[in-house]
Structure formats: structure tokens, C-alpha cells
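Engineer: One structure, as C-alpha cells, below. Some questions next.
The values are calculated or read from the model by the stated rules, or taken from the named source; none is laboratory data. Note that the structure is predicted; figures quoted are calculated from it, not measured. Cβ placement follows ideal geometry from the backbone for every residue including glycine, while neighbour counts extend to all protein chains displayed.
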Amino acid sequence: MRRSNATPTTPPSSPAQAEPAPQRDGRTTSTPRRGARLGDVLAATDFSPGALAAIERAARLPLSAGSTLHLVHVLPAPASAAEGESAEQAARRSLDEIAARALDVARGAGNAGLQVAPSVLVGREFVEIIRHARSRGAELIVLGRHGERSILDLLLGSTAELTVRHADTPVLVVQRPSVGAYRRPLLAVELSDVALRSAALATKVIDPEVSRIRAIHAYHVPFEDRMALALPSIEFAAYKARYHDDARAGLRRLLDSFDGLGVTWESSVRRGDARRAIVREAGRWKADLIIMGTHGRSGISRALLGSVAESVMRSAPCDVLVARPSTFVLELP
């Protein structure tokens, strides 16, 4: 539950404009880029360097004027009231320092009128983060990743992974310190309704001057090993080509449905495991952000086996943004 809130503070405005991205061949939409921006954002911190990088990234996102950055730290349930009061006061002091740093970063990024609202919460980290995001109407949760993973994290998931697994709010997992706005986004899509929300979100979090996004779809050839043994080489090549052509056509139809987003789409179709394909494509593209959707499935099999999104989060060379279907709602413990 929420224990305390500080009064939001507002920085002076300091608009900044990025250099336009160079145009290349690709699929150009018929609608000009509108430069949509995010509203309120939540960033959680445990006062680690990774969490500080996430907060600085949140402050650099393209935010609407008057938006609020909800800065959250979650304490475990204290053994006594005195212990809880002492821990809360220490957390409040640290949050105030981080809030001042976030305002400085926001000022340099041109986020005019940003307010920072620090809060100290008590409970289980991922649960309180999601609850606070819901109660404040945050459009995005921003979290950092730690380099070291405990045995418990490996079995059940880190705070970032648990939040991605359970949140109905999109989650941005920051892997490295930010040096500017996102300019080389990679959208990883399944040919499903999840893709539209991911694509729309992508246009909000990247540099408003960027009008080109690379989209990748990974496909699977059924019974590939068996068919390689059963078919002559020419027929086997035709068998694989049929699935490649279907995947390419499906991706093109999907990108056609994104016309209203006003960006240029560069498409890439890769055969094989989606987790490896996405990470490799991010490396080839020199992506600074991977945007992907994930379905609303949950449960013990999901927790043990993980999802494509969670696997990409663990091995991606850049930040990862995960969006759920708009209809996904999970009851929290």
C-alpha cells in the first residue's frame, strides 16, 4: 500500500530539437508523422545504478507538457513501526535526491513542465509497482535491470520480469544508460492484434523526429528436419519458400494496417526461433530499442518456461519495451 507522497515539483522548460533521421528506401505511409507523446510515466527504483539509468531514461522520453513522472520505491513490510519509520525517512531522502536529478535530465531533454512525484510504498515490489501505475493512470512503467541474477530470480523471475509478466501497463526495461532519445527502434511482431498496440506505442517513445522503424517477423517452417530428409532438394527448397512467402505477405498486410501511424516501415522476415532472430536483428540493425508485444497468458507453465519477451529481455543488446493486448487485465495478489 502507499505510505507517503511528496509534492510534485516542476522544472523550467528548456525545449530541444533533435536532428532529423536520414531517409532510406522503405515502405512510406500516407499519413505524416504526428509526433504523439506519452502522458504520465512511472519509474521504480531500488537505488541501484541500473534503476538510476531507468529513471534518467524515463525523464528523456518524449513526454507531453504537464506530464508527471511517478518515482516509486517499495519497502518490504517492516518488523516494527520504528523500523518502518526509519526506513521510510531514509528512502524519502534518497528519492528527493533522485527526483532532483530527474528534473535536471528532463530539462536537458526539453520536457517542459514535467512534474516528479516521489512515493514510498510498502509490500511486494512488482505488485505495488503495478498497483501504483494503475491508480495514477500511468501509460508506461520504466524499470532497470540488474547484472547479477540470484537463484530465486532464475526460477521465478526478477522484479522487471515479474512486472512484465503481470502488468497490463506497457513496461520499458532499461538495459544501459541513456545518452539521448531512441533513434533506431526495432519492432518485433507476431501476425496478431497485439502488434497494433506495440506499433502505436513505438511511435510515442522514439524521438519525434524519427520517421523510420524496422519491423521483424520470425516464422517457423513445420517439420523442417523431417521434410529435409523426405523431399528432394528442389521440392524441399520450394516447401521452405512457401512459408517464407506467406510470412512476408502477412507482414506486409500487417504493416499496411499501420498506415495511420505515419512512419516508414522497413520489413525483415527471418526463419527460426523468434528469440534468437529478434536479438540478432537488433544487433544487425544496431537497434537502441526493441518493441514487442506479448499475449495475456500466465500461470505456472509461463513462470517456469518464460515467454519470448522475457527471453529477449535477458539477452537483448538494448532496451526492451513490452506491450500487452489492451484487453489484458490480471488480478494481483
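Engineer: I'm checking my understanding of the structure. Among residues of the range 246-265 that are of a type in the set (A, V, I, L, M) and in contact with a Phe, Trp or Tyr (Cβ under 8 Å, 6 or more places away or on another chain), which one is surrounded by the most Cβ atoms within 10 Å (Cβ to Cβ)? Talk me through it step by step, then tell me what you get.
Structural biologist: Initially, the range 246-265 is screened for residues of a type in the set (A, V, I, L, M), giving 247, 249, 251, 254-255, 261, 263.
When the remaining residues are screened for being in contact with a Phe, Trp or Tyr (Cβ under 8 Å, 6 or more places away or on another chain), the result is 247, 255.
Values: A247: 19, L255: 25.
Looking at residues that are of a type in the set (A, V, I, L, M) and in contact with a Phe, Trp or Tyr (Cβ under 8 Å, 6 or more places away or on another chain), I get L255.
Engineer: Name the single residue that is nearest to G180 (Cα to Cα) among those in the range 97-123 being of a type in the set (D, E, K, R) and surrounded by fewer than 17 Cβ atoms within 10 Å (Cβ to Cβ). Spell out how you get there, then give the answer.
Structural biologist: Within the range 97-123, the first condition is being of a type in the set (D, E, K, R), and the residues that meet it are 97, 101, 104, 107.
Next, only the ones that are surrounded by fewer than 17 Cβ atoms within 10 Å (Cβ to Cβ) stay: 97, 101, 104.
Details: E97: 22, R101: 16, D104: 14 Å.
Here the residue is D104.
Engineer: Just wondering, is there one or more residues in the range 293-313 that are over 17 Å from L162 (Cβ atoms), buried (at least 16 other Cβ atoms within 10 Å of the Cβ) and modelled with pLDDT of 90 or more?
Structural biologist: Looking through the range 293-313, none of the residues is over 17 Å from L162 (Cβ atoms), buried (at least 16 other Cβ atoms within 10 Å of the Cβ) and modelled with pLDDT of 90 or more.
Engineer: Please determine, by comparing only the residues of the range 141-170 that are of a type in the set (G, A, S) and assigned to a loop (DSSP other than H, G, I, E, B), which one is modelled with the highest pLDDT.
Structural biologist: Initially, the range 141-170 is screened for residues of a type in the set (G, A, S), giving 144, 147, 150, 157-158, 160, 167.
Okay, now just the ones that are also assigned to a loop (DSSP other than H, G, I, E, B), so 147, 150, 157-158, 167.
Values: G147: 51, S150: 45, G157: 56, S158: 83, A167: 89.
If we take residues in the range 141-170 being of a type in the set (G, A, S) and assigned to a loop (DSSP other than H, G, I, E, B), then A167 is modelled with the highest pLDDT.
Engineer: Mind telling me which of the residues D46, D25 ends up being in a loop (DSSP other than H, G, I, E, B) and modelled with pLDDT of 90 or more?
Structural biologist: On the way: D25 fails: modelled with pLDDT of 90 or more.
Step by step, each of D46, D25 is checked, and only D46 is in a loop (DSSP other than H, G, I, E, B) and modelled with pLDDT of 90 or more.
Engineer: On to the next question. Exactly one of these conditions fails for A58: (1) part of a helix (DSSP H, G or I); (2) at pLDDT below 95; (3) of a type in the set (G, A, S). Give me its number.
Structural biologist: That leaves (2) as the condition not met.
Engineer: Now, a different point. Of everything in the range 314-330, what is out of contact with any His (no Cβ under 9 Å at 6 or more places or on another chain) and at pLDDT below 75? Give them in sequence order.
Structural biologist: Narrowing the range 314-330 to residues out of contact with any His (no Cβ under 9 Å at 6 or more places or on another chain): 314-323, 326-327, 329.
S326, T327, V329, listed by residue number.
Engineer: Separate question: Do any residues in the range 69-87 that are without any contact (Cβ under 8 Å) to a residue 24 or more places away in the chain have Cβ atoms under 8 Å from those of residues that are in a loop (DSSP other than H, G, I, E, B) and buried (at least 16 other Cβ atoms within 10 Å of the Cβ), where the two are at least six apart or on different chains, and which pairs are they?
Structural biologist: Filtered contacts from the range 69-87: no entries.
Engineer: Do we find a residue being closer than 30 Å to F258 by Cβ, surrounded by 15 or more Cβ atoms within 10 Å (Cβ to Cβ), of a type outside the set (A, V, I, L, M) and out of contact with any Ser or Thr (no Cβ under 7 Å at 6 or more places or on another chain) anywhere in the range 57-64? Don't jump to the end; show me each part of the working.
Structural biologist: Residues of the range 57-64 closer than 30 Å to F258 by Cβ: 57-64.
With surrounded by 15 or more Cβ atoms within 10 Å (Cβ to Cβ) added as a condition, the list becomes 57-64.
When the remaining residues are screened for being of a type outside the set (A, V, I, L, M), the result is 57, 60, 62, 64.
Keeping just the survivors that are out of contact with any Ser or Thr (no Cβ under 7 Å at 6 or more places or on another chain) gives 62, 64.
There is at least one residue in the range 57-64 that is closer than 30 Å to F258 by Cβ, surrounded by 15 or more Cβ atoms within 10 Å (Cβ to Cβ), of a type outside the set (A, V, I, L, M) and out of contact with any Ser or Thr (no Cβ under 7 Å at 6 or more places or on another chain).
Engineer: Okay, moving on. I'd like to know if the range 83-99 contains one or more residues that are outside any strand (DSSP E or B), at pLDDT below 90 and of a type in the set (A, V, I, L, M, F, W, C).
Structural biologist: No, the range 83-99 contains no residue that is outside any strand (DSSP E or B), at pLDDT below 90 and of a type in the set (A, V, I, L, M, F, W, C).
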